[in-house]
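Read through the structure below, which is laid out as structure tokens, and then see the notes.
The values are calculated or read from the model by the stated rules, or taken from the named source; none is laboratory data. Computed from a predicted model, the values in this text were never measured in an experiment. So basically every Cβ, Gly included, is an ideal-geometry build from the backbone, and we count neighbours across all protein chains shown.
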Amino acid sequence: MAKLNPYLNFDGTAEEAFNFYKSVFGGEFVGGVMRMGDAPGTENLPEDEKRRVMHVALPVGGDLLMASDIVPSMGHKLTVGNNNYISIFPESREEADRLFGALSQGGTVEMPMADQFWGDYFGSFQDQFGVYWMINYSARQESK
């Protein structure tokens with residue numbers, strides 16, 4: 001079976017965002033932070049783009065949250081939208097509340113954490129970096 005991991009793009013804020021996510025989830029970056037300027041053929045990039053993140057990965061549970069920055073001088077454009085969400089399934093209501101509170105700080109709450117008609121404890125928001133998140137705790141998880 002294939003494994004799926006979310007991969008995010010940023011416009012120069014990948015490192016700041018991932019340091020923030022690391023403060024929420026803990027752990028260390030897998031392989032450190034790779035920079036655009038470390039890649040062959042990037043000698044002509046503007047200095048500020050050489051410092052942008054080529055790749056960063058943070059373990060979250062048994063999964064990886066990964067990202068990079070776009071490179072405007074190569075014609076890349078970032079379009080932030082609500083077409084992608086990272087959906088987290090915490091192991092308790094308390095962890096759901098902790099993650100929601102920490103990640104949504106400085107962002108925009110779409111749905112506050114609340115018991116939903118389908119039986120789960122759920123909330124959604126856009127964080128301060130424009131990334132959309134869903135937190136979904138199911139009491140049915142405890143009985144497994």
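Brief remarks on what is shown
- Top-ranked residue of region 72-100 - restricted to ones that are modelled with pLDDT under 95 and either polar (S, T, N, Q) or touching a His at 6+ places or on another chain (Cβ under 7 Å) (or both), ranked as surrounded by the fewest Cβ atoms within 10 Å (Cβ to Cβ): N83
- Any chance A14 is closer than 29 Å to D97 by Cα, of a type in the set (G, A, S) and in contact with a strand residue (DSSP E or B) (Cβ under 9 Å, 6 or more places away or on another chain): yes
- Of everything in region 18-54 that is over 21 Å from the mean Cα position of the chain (by Cα) and loosely packed, with under 11 Cβ neighbours inside 10 Å, the residue that is nearest to L64 (Cα to Cα) is P40.
- Selection count, region 49-73, where residues are over 22 Å from G37 (Cα atoms) and among the β-branched types (V, I, T): 1
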